[in-house]
Every structure is written in structure tokens, then in C-alpha cells.
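Participant: My questions will all concern the structure given below.
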Amino acid sequence: MQIVSQEVPLVWYLLLSAVLFCLGVVGFLIKRNLITVFMSIELMLNAVNLSFVTFAHQWHEVKGQIFVFFVMVVAAAEAAVGLAIIIAVFRARATLAVDRIDLMKL
Amino acid sequence: MNESLHLWLIPVLPFIGFLLNGLLGHRLPKAVVSAIALLAPLGSFLVVLLASRAALPHSESYGNWITAGSFNIDLSFVLDQLSLIMLLVITGVGFLIHIYSVGYMHSDEGYWRYFAYLNLFLFFMTTLVLAGNALLMFVGWEGVGLASYLLIGFWFQKTSAADAGKKAFIVNRIGDFGFLIGLFLLLANFGTLSFSDLAAKIAANPTLTGGVLTAIALCLFIGAAGKSAQLPLYVWLPDAMEGPTPVSALIHAATMVTAGVYMVARTHFIFDRSPLALSVVAIIGAATALFAATIGLVQTDIKRVLAYSTVSQLGYMFLGCGVAAYSAAIFHLMTHAFFKALLFLAAGSVIHAMGGEQDMRKMGGLRTKAPITFWTMTMAVLAISGFPFMSAFFSKDAILAAAFASGGLGKLLWFVGLATAALTAFYMFRLWYLTFFGETRSHEAHPHESPWSMLGPLVILAVLSVGGGWIGAGRFGAFLSPVLGTKTEELTGSLEYVMMALAVAAGAIGWFIAHRMYHQHSAAAQLAAPAPAGYSLLQNKYYVDEFYGFIIVKPLIALSKYFLEWVVDFAILGGLAWFLAGLATLSGAILQRWQSGNIRSYAAWLALGAAVLLYFVLAPHVFGAPSLHLGMAGH
């Protein structure tokens, strides 16, 4: 613990986490391929995970690490369901462009 | 407390009859419907008979009904001499009328519905009479109003019947309003509605007279005037004749309309303390008696004559109450229940014989064609006219004597009552001659005698009408004295016989004039000849309905239409609703553009929202006083 704070300051971890999260957001917003969008979501989740472990380490708290496990479990489940939906969408519409999957509007 | 008499059975039995016939009646054969409908009042009558041998008064409580702070209402029934007499009349006469109805309503489509309503009426009426507190009485009071409404409008396909039902209900509502105000005043001043507690509290405070008690008594009397068809709220009763004739006999002659008299007698300890209220009751009673009797002189519908006669006789009862002769009023109530039920049932038999014709000008000659109806009707006519030693002779005489004995104002009221007695005899014998004597004036009708299910009750009621006076003559007051107290002023000796002779003479004069006009000359228009204007005034019932229509109904309709409908409903409420609907439509039209179906646009809004939120959370920390120290401690 002392080692971490001495060698790599906390703020670096947080900056990395923020950069990864912003990459995820930007990817989500500008990419058209559904699979890429999906991967961007995973990126955001992992960015959040990174800040969770960082803080857990900093405050000597195990709760943050437990939270990370929850996020991983949910992400795994989401990946299973999400990929299944993507396959179903592709079979139905022969495309994965998010802009063209827009039937749920008024 | 002595052992239970199961008083609850008295109202509950008819209620079971109502439920069975009301819910299942349309699937049951007529014989089963009749059996259920007849057993209910018979059962109640037997329970009353059994209960009558117990020590009175007897009260039973079935638990708390309403408790709120110190306010407490028990579900309690009280049987005393007063409610016992009422119950015997209600269930006894009610049972006879049920039997009669089996014959009278035999071919009606709504047979089961009719008996369900009739049993429902008995349920509420017995509740009203048995109630140990004013609020429970009010429940029965409203309930009989409901049953009355349902039965007046029984043939609701006829507009006139449906209108008459509404009229009865609405006019009664005005009276009930007064009753309710009276109850609130009682509650505010005495904190209880139990009759026995109220009586005790008032008795414990002998100096309490007038003032608030007058207000309470007058409010209660407004309720009584509505239910018992007194001036100025009598207008619904003649129209109530649109209902089936046995209903007129049971509800609008023998029982329900006497509820007002019963209520005044039940709360007599309040009226006793207010000479003003008593005078009002007596004056209204006497005025109604005379007023209704004069209208009855010229009516041509046989049931309407009887309806006005009922209003008039109820006026006698209130005259009795007003001179504090409560037992005489209750005595007249009982004999009236006998002879007026008989008159109505016999009239129903006449209508049945004439094939539905109610206009007396088309009747006549039924004496030989319907002899049993004729003889029973004759008994009733003699009874109501005060023929010596028949029932009304005793009861009417008791009221008139009490009025005479009560002094100054009473003497005047006594004279009004005496005049009314002559008028009563006149219109009853007019009806009698027009219906039964001469030739049948309608050529379509084939008069025939009614079946025995109808004639049986007529015969029993005829016996009661003739002999009913002997039940009470001389000892009725003593019997009721535990409840109603004893009357102090009594006529004695020769004066009492003079009174009787005068009353009989008044009746005889009425008979004589009717005989001259309708039997010897048999010309219905005779009455009109001397004073055409007066005749038309009477025939149009003093234009009271038109007057009410002009000062109450028309303005109310105008108010409803122009103000309530157009301004309040259409402009204010409708405008508000349209404004809100327009707002929702407009905002929907704008906001629906967000729902583009484009996932990336949703995500962009989400991100934007998150950014804004983050800004507001973090801004005070970044730009404001407390700066962030996240991990910066290391530096």
C-alpha cells in the first residue's frame, strides 16, 4: 500500500480511469457498429472498476473490491444477453448499423 | 336485564325475504315467491306477539355501531308500549296486505320485484319503530323513503309513475334535512341520541324550556311533516297513488306516513317543553286536516280521494300531538291504519272489478256486482265518518276532546276538526254513492267480484275497523302512559257526551248532503253549481303544485340550466378540462421528438444529462470553498 502511493500516485490511476471512460463514451456515441458500441460499454464498466479498486486500495476498504466482482458478474451476464440480442438483430435485419435499428420510435 | 326476546328477528325476517326474492325471485315460481314474501311478515308478527307478553319496556343492544370520542351510538332496539302497538299494526296489517297483493299483483311481470320491495319496506319500517336511538331511527326513516320511492315508481315504464317516485323522494328529502338538523342540535346540546338518555337528561333539568328545545322540536317536526305529508310538504302523497294500490294501502296510508306521528310521540319529552312548537304542530295539523279534506271533496279519481283523506287524517293525528294528547294520536293512528288500509284495499278491489278504471264518474252500481267489496267498504266509510261505536268514533273523539280541553287556541282547532269531520263524511259518502249506487256509467267494463285472496284481508280489516275502537276506548291512554305520560286535562261528564254528539252530528250532516247530491239527484256536477270559481279552485288543488312549480321548480331548472350547466359545467369545469388536455397534447407533441428511435441520440442525451448532473455536484467543490483532496494528500 505504501509502495503504491510512493511509486505511482493515486491520481494517475484515476486519470487513467477517466481517460478509459471517456474513450468508452466517445466510442458509444460515434461508432455505428453495434458490436463496437457494445465493446465501448464494456470499456466504461472496466474504467469504473479501475477507480473502484483504486479507492479500495487507498482507503483499505474491501467493499470496493467486492463491488468490482459484482460489476464483473453483471458485465458477464450482460455480455451473454447482449451478444444473443445482437445475433438475433443481425439475423432479422442483416445489419448491425445502430442508426438503422430505430423502429422503437413514435 | 331479562332474557332476550330476539327483537332482531322482527326486521331481519323481512330482510331475508327481500334478499331471497330480490336475488333469486326472477328464477323462482310464483308460488315460492309468494310463500317467501308471506312467511316473512307472518314470522315477524308472531315474534311481536310473543314479545308482547314480556315485561315492558324491554331493550336489547347488539353492540356498538359508531364510537368516536365521547360520541357513542349503540345498535339497540327498544320494545315498549308505543313501539309494540306500532309493530302490531305494521306486521299485522302488513301481513294482510301481503296476502291481498298475491291476488292483486297476480298477473304482473314484476311479481317477485314487488314482493322484494314490500319486504324491504317492512325491514326498514320495523327498524324505524324499534330503534333505541334517533340515528338508527333515521336509518329506518331513510330506508322507508327508499322503499316508498321504489314502489311508487314500480311501474316505471309510465312517466307519471317515475315522476311521482322522484317527487316523493325529493319532497321527503326536504323534510329529512330538517330531521337531520334536529339530530345535530340534539347531539350538540345533549351529547347523546339515545331516546332514554335524552329523556333522562331533559327530565333532570326541569327548568329547561323553549329556546333550543323549540328549535329542535321544530326541526324534528319538519322531518315529520315531510314523511307524514303535512302542509306545506304534503304534495307528494296524492301523486304517490301512481304505485300499486296495496302499496298505497300499506305505505301511503297505514304505516309509513304515520312515521312522523310516531316520531313526534317518541320524542314527546322535547315537544312537551316547548309550548310554541306544540302550537305549531297543532295548527299545522288542523290546517292540513281541513285543507286536504276540501280538496278531497271534488276529486274524481277514487284513489286520490283516499289520498287526500289520508293527508287529512294525518292532520288529525298531528292535531292530537299538538295538544299533547299523544296517546289519542297513536290511537287514531291505529284505527286509521285499519280503516284506511281497508278503504284502499277495497278501492283496489273496485278498480280490479272495473278492469283498471279509477275514475269514479265511470263507476256506479257495484253494490250488486261486488257485494263483499261493497259491504267491507261500507264498514270502512262508516268507520272513518265517525259512525257511533265504530273505530274512528272513539279515536277522533279523543283527539277533538283533547283539543277542546286544551283551552283558547284549542277551541278554535276543535272547531276546525269538527268541520273537517263533516267534510270527511261528505267526501267518503260521495265516493260510496258514486261507486256503488246507480247504474254503471262505463259501458266497456264488466264488473266482477275479486278473488278470495283479496276479499279475505278485506273482511278481517272490516272487523278491525268496526271493532278496533273497543280495543282502545278508555284504556289506551293508561296503556301508553309509561311511555307518553298522562294527560292532565280530561273532559268529564256531560261535556264529553256533548262533544261526542256534536262529532256524530257533523258526520251525519256530511252524509245527508252527500245523500242529497249524489244519491237523490246522482249528478256529479251538482257541487259545482253554487260556486264555480271555488269548485275549480278545489279541483285544481288550490294550484299548490303550480305554485311550487313556479316559485321552486322553474327557478331551480333555470338556475341549473343557465348557471350550473352553461357557466359552471360547460365554461368553468369544461374549460379547465380542455385546458389541461390541451397542455398535455402540446407538451406531448414537443417531447415526442426525443423519442427518435436512434440509440446514439439517447446515449448523447444521457451523457449530457450525466455531465450536467456532475457539474452541479462538483461545481461547489471545484470553484467553491471546500477544495477536493482526492489523493492529492501525497503531494
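Participant: How much of the DSSP beta bridge set in the protein assembly as shown is antiparallel, as a percent to the nearest 5?
Facilitator: So the antiparallel bridges amount to about 100 percent of the total.
Participant: In terms of Cα to Cα distance under 23 Å, which lysines are near enough to residue B:201, apart from those fewer than 8 places away along the same chain?
Facilitator: Within the straight-line limit of under 23 Å, residue B:201 reaches these lysines: B:487.
Participant: Another question, then. How are the Cα pair distances of region B:1-82 distributed, in percent, across 5 Å bins from 0?
Facilitator: 3, 13, 19, 16, 14, 13, 11, 8, 3, 1, 0
Participant: Roughly how tilted is helix B:111-130, in degrees to the nearest 10 and between 0 and 90, from the longest Cα axis of chain B?
Facilitator: That helix lies at roughly 90 degrees to the long axis.
Participant: How shielded is B:587-595 by partner chains, expressed as the average number of their Cβ atoms within 10 Å of its Cβ atoms?
Facilitator: Other-chain Cβ atoms within 10 Å of each residue's Cβ, averaged: 1.
Participant: By per-residue mean of other Cβ atoms within 10 Å, what is the highest-first order of B:275-281, B:91-97, B:593-599?
Facilitator: Order by mean packing, descending: B:91-97, B:275-281, B:593-599.
Participant: Pairing the Cα long axis of helix B:9-24 with the longest principal axis of chain B, what angle in degrees results, from 0 to 90 and rounded to the nearest 10?
Facilitator: 70 degrees
Participant: Provide a whole-number value for the mean count of partner chain Cβ atoms within 10 Å of the Cβ atoms in peptide A:9-17.
Facilitator: 2
Participant: Residues with beta-carbon under 14 Å from that of residue B:509, excluding residue B:509: net charge, scoring Lys, Arg +1 and Asp, Glu -1?
Facilitator: +2
Participant: Under the classification rounded if a/c is under 1.5, otherwise prolate if a/b is larger than b/c and oblate if not, where does the protein assembly as shown fall, given a ≥ b ≥ c as square roots of the Cα gyration tensor eigenvalues?
Facilitator: Prolate shape, in that a/c is at least 1.5 and a/b is the bigger ratio.
Participant: Picking from B:383, B:463, B:448, whose Cα lies most toward the positive end of the charge dipole for region B:378-492 (charges on Cβ: Lys, Arg +1; Asp, Glu -1)?
Facilitator: Going by the charge dipole, the pick is B:383.
Participant: Next question. With only alpha-carbon atoms in the gyration tensor, what are the semi-axes of the equivalent ellipsoid for region B:177-283, in Å, largest first?
Facilitator: Working from the Cα gyration tensor, I get semi-axes of 29, 14, 11 Å.
Participant: Something else about it: Placing +1 at every Lys and Arg Cβ and -1 at every Asp and Glu Cβ, with all other atoms neutral, what dipole size does the protein assembly as shown have around its Cα centre, in debye to the nearest 20?
Facilitator: It comes to approximately 1040 debye.
Participant: By how many degrees, 0 to 90 and rounded to 10, does the Cα axis of helix B:275-296 deviate from the longest principal axis of chain B?
Facilitator: Approximately 70 degrees, to the nearest 10.
Participant: Mind ordering B:220-229, B:106-115, B:292-301, B:615-624 by average Cβ neighbours within 10 Å, highest first?
Facilitator: Those peptides, ordered most packed to least, come out B:220-229, B:292-301, B:106-115, B:615-624.
Participant: Rounded to the nearest 5, what is the percent of antiparallel bridges among the DSSP beta bridges in region B:1-157?
Facilitator: Here the share of antiparallel DSSP bridges comes out near 100 percent.
Participant: Please give the charge dipole size of region B:260-363, origin at the Cα centre, charges +1 on K and R Cβ atoms and -1 on D and E Cβ atoms. Round to the nearest 20 debye.
Facilitator: That gives a dipole near 40 debye.
Participant: A further question follows. Give the Kirkwood hydrodynamic radius (Å, one decimal) of chain A, defined as one over the mean of 1/r across all pairs of different Cα atoms.
Facilitator: By the Kirkwood definition, the hydrodynamic radius is 15.7 Å.
Participant: So which of B:30/B:340; B:158/B:561; B:158/B:362; B:303/B:340; B:303/B:541 end up more than 20 Å apart, counting from Cα to Cα?
Facilitator: From B:30/B:340; B:158/B:561; B:158/B:362; B:303/B:340; B:303/B:541, over 20 Å: B:30/B:340; B:158/B:561; B:158/B:362.
Participant: A follow-up question, please. Can you give the average number of partner chain beta-carbon atoms within 10 Å of each beta-carbon in peptide A:51-61, as a whole number?
Facilitator: Rounded to a whole number, the mean comes out at 1.
Participant: Pairwise over distinct Cα atoms, reciprocal of the mean inverse distance: report the Kirkwood radius of region B:228-299 in Å, one decimal place.
Facilitator: About 13.5 Å for region B:228-299.
Participant: Across bins of 10 angstrom width beginning at 0, how are the C-alpha pair distances of region B:383-475 distributed, in whole percent?
Facilitator: 14, 30, 31, 16, 7, 1
Participant: What number results when the radius of gyration of chain B, computed over Cα atoms, is divided by 2.2 N^0.38 Å?
Facilitator: Cα-based Rg divided by the globular estimate yields 1.24.
Participant: Need the C-alpha centroid separation for region B:233-309 versus region B:28-104, integer Å.
Facilitator: If you average the Cα positions of each part, the centres end up 23 Å apart.
Participant: Here's something else I'd like to know. For a protection proxy built on the mean count of beta-carbon atoms within 10 angstrom, sort B:142-150, B:417-425, B:552-560 highest first, please.
Facilitator: Per-residue Cβ counts within 10 Å, averaged per peptide and sorted highest first, yield B:417-425, B:142-150, B:552-560.
Participant: May I pose another question? Give me the compactness ratio for region B:314-427, meaning the Cα radius of gyration over 2.2 N^0.38 Å.
Facilitator: 1.21
Participant: Cα convex hull of region B:545-606: mean projected area in nm², to one decimal?
Facilitator: 6.1 nm²
Participant: Continuing with the same structure: Counting Lys +1, Arg +1, Asp -1, Glu -1, what net charge surrounds residue A:23 among other residues with beta carbon under 14 Å of its beta carbon?
Facilitator: Result for the local shell: 0.
Participant: Along the positive direction of the dipole of the protein assembly as shown (beta-carbon charges: Lys, Arg +1; Asp, Glu -1; about the Cα centre), which of B:255, B:558, B:417 reaches farthest?
Facilitator: B:558
Participant: Still on this structure, please answer the following. From the phi angles alone, apply the Karplus equation (6.51, -1.76, 1.60; θ = phi - 60°) to region B:53-66 and give each ³J(HN,Hα) in whole Hz, x where the residue is Gly or Pro.
Facilitator: Coupling constants for region B:53-66: 8, 6, 6, 9, x, 10, 10, 10, 10, 10, x, 7, 9, 10 Hz.
Participant: OK, next. So what's the back-of-envelope 222 nm ellipticity for the protein assembly as shown, counting only DSSP H runs of four-plus at -39500 (n - 2.57) apiece and dividing by all residues, rounded to 500?
Facilitator: Result for the protein assembly as shown: -23000 deg cm²/dmol, rounded to the nearest 500.
Participant: Distance between Cα centroids, region B:420-475 to region B:318-377: provide it in whole Å.
Facilitator: Value for the Cα centre distance between the two parts: 5 Å.
Where a number appears in this text, it was derived from the coordinates with a stated rule and is not lab data. These numbers come from a predicted model, not from an experiment. Positions of Cβ are generated from backbone atoms using ideal geometry, with glycine treated the same way; all protein chains shown enter the neighbour counts.
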